[in-house]
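Presented below is the structure to which this report refers.
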Amino acid sequence: MTLGASLKLYLDVDASVEWAEALKETARVHPLVISGHVRLFVLPSLPALSAVIDVLADSPIAVGAQDLFWEDRGAYTGGVSGADLARLGCTYVEVGHVERRRIFNEDDLTIRLKFAAALRNGLTPVLCVGEAEQIDAESAAQLCIAQLDSAMANTTGLRDLVVAYEPEWAIGQAEPAPSAHVVSVIRKLRQHIDEIGLVDAAVVYGGSAKPGLLSALGNRVDGLFLGRFAHDPAAFASIIDEAAGLR
Ligand SMILES: O=C(CO)COP(=O)(O)O
């Protein structure tokens, strides 16, 4: 099982550190985290990265960034180099979140270039895909597959990948997307991912994911990508317990 959380821009640096310390304690005493059966990664905001990496240095919780630039060096004011993220100790990087698409005007080409930059720097991409409007699962899956294929066009050297199915209409809501819809889209995504030979990729669900969801989805997903409902470390801990219960 893979459980990840992005703090987006919700927590400031001090709150991110405090949160990471609480998570570290949860992980320290959880046998399935220690044994590697539940893999955990967290994506703090950029200014909090170094401090969170320090906190989690001797824990099994991996750290990543929420974004990177597609070039590693040069005249790119404000850009964030994947090489520097790796050097800091990041092992994951998120690519293609719908908030990046909508608010920061990222398009399919941007996402493809960033995906390649992640791989070039040995970072595991957390590739977000998902439909904008609530539509049937078959159509949603086709859109997700097209986004995935576009991001991965001409990709070489892929070692590890997390695909986060995040329907836009379910992000920032009180409840996640209906489980039947999630299971159905993820089944089709999984089938495609297997067909293109990425059998080791984890396909997780994100979008108002919270305690109780993983138990409802069962082993039909490879995990969750959490947002707001991970801010409470106790909620995160209870989701780890759910992952353990599914084994
Ligand atoms: O976008 C998400 C994770 O990347 C989900 O965020 P929420 O769980 O806060 O809706």
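Laboratory data are not the source of any read-out in this text; all were calculated from the coordinates shown. Being a predicted model, the structure only gives us computed values, none of them experimental. Cβ coordinates were reconstructed from backbone atoms using ideal geometry, including for glycine residues, and neighbour counts include every protein chain displayed.
Taken together, the residues in region 69-113 that are within 28 Å of A146 (Cβ to Cβ) and either in a helix (DSSP H, G or I) or within 16 Å of the ligand (Cβ to nearest atom) (or both) amount to 22. Checking L32, L3 one by one, the residue that is in a helix (DSSP H, G or I) and under 23 Å from L161 (Cα atoms) is L32 and no other.
From the residues in region 223-242 that are among the aliphatic types (A, V, I, L, M) and in contact (Cβ under 8 Å) with a residue 24 or more places away in the chain, which one is nearest to Y205 (Cα to Cα)? Full working, then the answer.
Residues of region 223-242 that are among the aliphatic types (A, V, I, L, M), as a first pass: 224, 226, 230, 234-235, 237, 239-240.
Still in the running and in contact (Cβ under 8 Å) with a residue 24 or more places away in the chain: 224, 226, 230, 235, 237, 239-240.
Values: L224: 5, L226: 8, A230: 14, A235: 17, A237: 18, I239: 13, I240: 15 Å.
Ranking the qualifying residues of region 223-242, first place goes to L224.
If you scan region 114-137, which residues turn out to be part of a loop (DSSP other than H, G, I, E, B) and not acidic (D, E)? Write out each step before concluding.
Residues of region 114-137 that are part of a loop (DSSP other than H, G, I, E, B), as a first pass: 121-123, 130-136.
Within region 114-137, N121, G122, L123, G130, A132, Q134, I135 qualify.
From the list G197, G245, the lone residue that is away from the ligand (no atom under 13 Å from the Cβ), without any contact (Cβ under 8 Å) to a residue 60 or more places away in the chain, under 21 Å from V129 (Cα atoms) and exposed (fewer than 15 other Cβ atoms within 10 Å of the Cβ) is G197.
Restricted to region 144-247, the set of strands (runs of 3 or more DSSP E) holding at least 3 residues that are in contact with a Lys or Arg (Cβ under 7 Å, 6 or more places away or on another chain) is empty.
I'd like the residue in region 47-68 that is among the aliphatic types (A, V, I, L, M) and part of a loop (DSSP other than H, G, I, E, B) and, out of all such residues, is surrounded by the fewest Cβ atoms within 10 Å (Cβ to Cβ).
A57
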